[in-house]
Amino acid sequence: MSQRHFDRLAAYIFDYSGIKMPAAKQTMLEGRLRRRQRMVGAETLDAYCDYVFAGDNLADEGLYLINSITTNKTDFFREPVHFDYLRSVVLPDFVARSVAAIRVWSVACSTGPEPYTLAMELDDFAGRHGGPSYGILATDLDTDVLETARAGIYPSELMEPVPMAMLHKYVRASRDPARSDVRIVPGLRSAIGFARLNLMDERYPVGAPMDVIFCRNVLIYFDKPTQRRVVSQLADRLAPGGYLFLGHSESISGLDLPLVQVANTVFQRDDR
C-alpha cells in the first residue's frame, strides 16, 4: 500500500472512530484489509483504497473497513479484580442505598464475554440477596462482533475462567456431541441489550443514567484529547454514586471530572 493511501485511510479511521493508526501499524492494516480487497475484486490494496474513496462507496464500505481494523481481544472474567470489587463493594453499596434496579453499560463489549460476565455476577448476587434487579446495555463499534455477542455461542475452552458454579448455572453444552461449542442460557441473554455505538458521536443515546459503566482497554487506542472527551461523556452518563471501571493500564489523572478514585482504575461519581 502506498504511503498516500495509508495516510488517507489512517485519517479516515481516526476521524470516524478515534483509533490512532501510526505508521508502525501499516503492516497490520494491510493484513486486515486483504480479505476486503479480495471481496470487492480489487487487484491490489492500492486499488482497494481507490475503490473505498470513489463515488459513494465509502457509505457502505466504511462499515466493513472499521470492522476490519477494530481490536477484539476479550475473555470471560478478564481483569478479575474488577469483578471481585463489583461483587464485594459495588453491589452491597447499592443494596445499602436501597437501589432496587441498576443499569449497567458494557462499552466496547466485543464478542460478549464482558457483558455476560457482568450478567453472571449480577444474577448470582441478586439470587442470593433478593435483588437488586438489573439490565445491561452492551455496545460496540464493530457490527460483526455484536452478532457473535447476541448469539452467545462460544468455544468451550473460552469458559475456563468461569467459576464452576456459574458454569453449571449459566452455560449449556451443545446438544450435538460432535460440537464443542457452548451457549449462554436464554435467561441471561435476555437481560442484555446489544447495540452499535460510536464513542466519537457527539451524544451517547443510552437512555437513563447508568449505575455502572465498564469501559476497559478502550482509551489506550485514543489520543489525550479524545480520551478526555470520551471520559467526560461517560461521566455525564453516570448516575450520582455510580461507578466507572477502566482498564488496568488506563488513567484519567489530570481530568476535571466529578469522579473520585475508589480503587485501582475504579471511579465513583461524586457531585458534591
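Just so you know, all these numbers are worked out from the coordinates, no wet-lab data involved. Note that this is a predicted model, so its numbers are computed, not measured. Cβ coordinates were reconstructed from backbone atoms using ideal geometry, including for glycine residues, and neighbour counts include every protein chain displayed.
Highest mean first, how do 212-222, 112-122, 72-82, 171-181 rank when packing is the count of other Cβ atoms within 10 Å averaged over residues? Could you put the intermediate results ahead of the total?
Details: 212-222: 21.1, 112-122: 25.2, 72-82: 16.8, 171-181: 11.1.
My ranking of the peptides, most packed first, is 112-122, 212-222, 72-82, 171-181.
With 10 Å bins from zero, work out the P(r) of the chain over every alpha carbon pair and list the percent per bin.
The distribution over the chain is 6, 27, 31, 22, 11, 2, 0, given as percents.
When we measure straight from the Cα of LYS20, which lysines land under 28 angstrom away, once same-chain ones fewer than 8 places off are left out?
Partners found: LYS73, LYS224.
For the range 3-69, what size does the Cα cloud have along each of its three principal axes, sorted from largest down, in whole Å?
27, 22, 21
Please report, in whole Å, how far the alpha carbons of the range 108-156 spread along each principal axis, starting with the longest.
Computed over the Cα atoms, the extents are 36, 24, 13 Å.
So if I restrict to the alpha-carbon atoms in the range 1-145, what is the Rg, and what is Dmax, the biggest pairwise distance, in Å?
Answer for the range 1-145, Rg first and Dmax second: 20.8, 63 Å.
Treating each Cα of the range 178-267 as an identical point scatterer and ignoring solvent, apply the Debye formula and state log10 I(q)/I(0) at q = 0.12, 0.16, 0.17, 0.18 Å⁻¹.
With no solvent term, the Cα-only Debye profile gives -0.45, -0.73, -0.80, -0.87.
On C-alpha positions alone, give me the angle between the axis of helix 224-236 and the longest principal axis of the chain, in degrees, nearest 10.
40
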